[in-house]
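Chemist: Below you'll find the structure I mean.
The values are calculated or read from the model by the stated rules, or taken from the named source; none is laboratory data. Model, not experiment: these values are computed from the prediction. Every residue, glycine as well, gets a Cβ built from its backbone with ideal geometry; the counts of neighbours run over all protein chains shown.
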Amino acid sequence: MNNRLRVLRAERRMSQATLAELLDVSRQTVNAIELGKHDPSLQLAFRVSQVFSLPIEQIFDPGAEQARAAE
């Protein structure tokens, strides 16, 4: 899943470790989500949304995965 997590975090000058602490996950989990290696659970996506005060759809874009699934 594509996401803007790295960009949003960088705009706020927030480290992966700081974001991980706010989300109650490991830094490695934040890194994996940023790299698209891990899709967050819906619950975690909502927490990310709250941290950045943005709707989920402005952070995560399942479009690429949906296109692949349709093929």
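Chemist: Sort out for me the helices (runs of 4 or more DSSP H) sitting completely within region 15-71 that have 1 or more residues that are in contact with a Leu (Cβ under 8 Å, 6 or more places away or on another chain) and modelled with pLDDT of 95 or more.
Modeler: 16-23, 27-34, 42-52
Chemist: Filter region 18-41 for residues that are surrounded by fewer than 13 Cβ atoms within 10 Å (Cβ to Cβ) and over 14 Å from Asn3 (Cα atoms) and give the result.
Modeler: If we filter region 18-41 for residues that are surrounded by fewer than 13 Cβ atoms within 10 Å (Cβ to Cβ), which is where we start, we get 24, 28, 35, 37, 41.
Of everything in region 18-41, those that are surrounded by fewer than 13 Cβ atoms within 10 Å (Cβ to Cβ) and over 14 Å from Asn3 (Cα atoms) turn out to be Asp24, Gln28.
Chemist: Those residues that are part of a helix (DSSP H, G or I) and in contact with a helix residue (DSSP H, G or I) (Cβ under 9 Å, 6 or more places away or on another chain), I need them from region 1-10; list them, please.
Modeler: As a first pass, look at region 1-10 and keep what is part of a helix (DSSP H, G or I): 5-10.
Result: Leu5, Arg6, Leu8, Arg9.
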